[in-house]
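Data first, discussion second: the structure below is written as structure tokens.
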Amino acid sequence: NRNGRIYPEKILKKESENYMKLIDEKRAMGEADHPESSIVAISRISHNVIDLWWEGNVLMGKLEIIMSPGFITQGIISCEGDQVANLLRKGLKIGVSSRGVGSLKKEDGKNIVQDDFELICWDVVTSPSTPGSWIYNEVPSKEQQMSESKKTDKNLLVDGLNNFLSE
């Protein structure tokens, strides 16, 4: 990914299976932005992951944005989820990025994530490190997601400005 780390599929599969337990217990919460902490702070929760599945070697997920009654009925932003929902409502493109802890091993100049990796959560971010990790209202096909990941950051900026100017 863009942060220079390689996540072996077997490690990501093991951790996604472990994460399903949190999903089943309705404890798969994440935050807006990537804090430095390995603790998900209740005051910064913006969403809850409600499903994970594999499409080939691509891990997909579904999340719900945690919105306050004030935002739902009157548009008043009073929590992180309201902020995320408002950005999505305005058509802004935001992504999802995993947060975890573990060691890296340098192999052929690449940082390989090791077996001690522990997935903490997925956070909502403006620039996901994994290509194609964007939030969609409906699940895109794997092909749609991969074609989106071929856009450069410059293209994303231009698209964002065009969307802003057209409103």
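Read the figures in this text as sums done on the coordinates, not as results from a lab. Here the structure is a predicted model, which means the values were calculated and not measured. Counting neighbours? That spans all protein chains shown, and the Cβs are built from the backbone with ideal geometry, glycine included.
For this structure, a couple of remarks:
- Reported value for the range 5-46: 89 Å³ per residue, from the convex hull of its C-alpha atoms.
- Scalar couplings 3J(HN,Hα) for the range 65-74, obtained by applying the Karplus form with A = 6.51, B = -1.76, C = 1.60 to θ = phi - 60°, are 7, 8, 10, 7, x, x, 6, 4, 8, 10 Hz; x denotes Gly and Pro.
- Rough spin-label spacing in nm, given labels placed 7 Å along Cα→Cβ, for Trp54 and Asp116: 2.5 nm
- Label-point gap, in nm, between Asn86 and Arg5 - each point 7 angstrom along Cα→Cβ: 3.1 nm
- Translational diffusion coefficient (Stokes-Einstein; Kirkwood radius from C-alpha pairs) of the range 1-120 at 25 °C, 0.890 mPa s, in µm²/s: 154 µm²/s
- Euclidean distance between Cα centres, the range 114-131 to the range 39-94, Å: 16 Å
- Looking at the range 1-95, the GluC sites (Glu not before Pro) that sit in a DSSP loop and have at most 14 other Cβ atoms within 10 Å of their own Cβ are Glu25, Glu36.
- Cα-based radius of gyration for the range 12-80, normalised by 2.2 N^0.38 Å, reads 1.27.
- Amide H within-cut-off set for Phe117, under 5 Å, with H built and near neighbours excluded: Ser103
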